[in-house]
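Structure, as structure tokens:
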């Protein structure tokens, strides 16, 4: 167990962590040839064997998902992120964690270089507090019956690239401290400037280029609230850099640390009747409650923009120093 791990936190089972590490490597072993062979086998199955309506529909669904293999390659970087944090929990050497992050960034860059913009119709959930009803991309939206905090939204998306995956790739570059990879990923795809809200990748691109004036304009549109289900991307982090204010930046760091600490405290799950520590750990990591990517990206950008910080005041549980130290 990590020696810094407080007793009140969820118990870390070393055997389970090692199993999850192997599982991640297995998931990452899937390659283009595997997908092509699987798709061909399913096509042959449909042709050679009569299928009932339900089974035929399922096979069609799987074939369609395999045809959309770009989504698989784009999301692979998130599996690398999971793997890196499992190695971190397993107390493996920081060089192993950095090697995994570098491989994730390299894989994502390969996807990005082959990415061809296209238009898609997608459905998803949008948190009501930050949803913009007048967004030109929105086709329709309605109440999400299972959780009234969200709308179920249908979007028309052009130049579709998932910003959260791009942010993971940027985090991987910063985490392994590979400036060459970072430069390529930052500059390979130009995110559009938005007048309605903050586009996080565009904001990061501007701060990477030290263009604080445009970044300051974007900060005026930064949302005020945060979903309780996903790690907070605190506005104070980027605001502190833009305004060259270490106090604001460190306030964001403290708030992120407090939120992560709350999420990993076992008592909040015990009160709800959850007792399977391993499942809770897996769910937290799956929902990106491992490393605070936003804080670590911010720390690198702060250094690049000459923000003077006292790094000894930064808690290490979810913001390990080896991922941002020079």
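The values are calculated or read from the model by the stated rules, or taken from the named source; none is laboratory data. Note that the structure is a prediction, hence the values are computed from the model and not measured. For neighbour counting, all protein chains shown are included, and Cβ atoms are generated from backbone atoms with ideal geometry for every residue, glycine included.
Quick notes on this one:
- Checked against (1) in a helix (DSSP H, G or I); (2) modelled with pLDDT of 90 or more; (3) loosely packed, with under 15 Cβ neighbours inside 10 Å; (4) touching a helix residue (DSSP H, G or I) at 6+ places or on another chain (Cβ under 8 Å), residue 43 passes all but condition (2).
- Single condition residue 160 does not satisfy, out of (1) closer than 27 Å to residue 225 by Cβ; (2) surrounded by 13 or more Cβ atoms within 10 Å (Cβ to Cβ); (3) at pLDDT 70 or above: (3)
- Residue match in segment 181-190 (condition: more than 17 Å from the chain's Cα centre (by Cα), closer than 25 Å to residue 113 by Cα, surrounded by fewer than 19 Cβ atoms within 10 Å (Cβ to Cβ) and modelled with pLDDT under 80): yes
- Residue check, residue 307 over 15 Å from residue 171 (Cβ atoms), in a loop (DSSP other than H, G, I, E, B) and modelled with pLDDT of 95 or more: yes
- Members of segment 150-190 found to be farther than 30 Å from residue 326 by Cα and free of Cβ contacts under 8 Å to residues at least 40 places away in the same chain, listed by number: 150, 151, 152, 153, 154, 155, 156, 157
- Yes/no for residue 267 being surrounded by fewer than 18 Cβ atoms within 10 Å (Cβ to Cβ), closer than 24 Å to residue 286 by Cβ, touching a strand residue (DSSP E or B) at 6+ places or on another chain (Cβ under 9 Å) and touching a residue at least 40 places away in the same chain (Cβ under 8 Å): no
- Here residue 224 passes the criteria (1) farther than 27 Å from residue 97 by Cβ; (2) at pLDDT 90 or above except the one numbered (2).
- Test set (1) free of Cβ contacts under 8 Å to residues at least 60 places away in the same chain; (2) in contact with a helix residue (DSSP H, G or I) (Cβ under 7 Å, 6 or more places away or on another chain); (3) surrounded by fewer than 16 Cβ atoms within 10 Å (Cβ to Cβ); (4) under 27 Å from residue 200 (Cβ atoms) - residue 274 fails condition number: (4)
- Matching option when the condition is closer than 26 Å to residue 86 by Cβ, modelled with pLDDT of 95 or more, buried (at least 17 other Cβ atoms within 10 Å of the Cβ) and touching a helix residue (DSSP H, G or I) at 6+ places or on another chain (Cβ under 7 Å), among 237, 248: 237
- Wholly within segment 51-153, helices (runs of 4 or more DSSP H) carrying at least 1 residues that are at pLDDT 80 or above and touching a helix residue (DSSP H, G or I) at 6+ places or on another chain (Cβ under 7 Å): 69-89, 94-113
- Which listed residue, of 291, 269, is at pLDDT 95 or above and closer than 22 Å to residue 16 by Cα: 291
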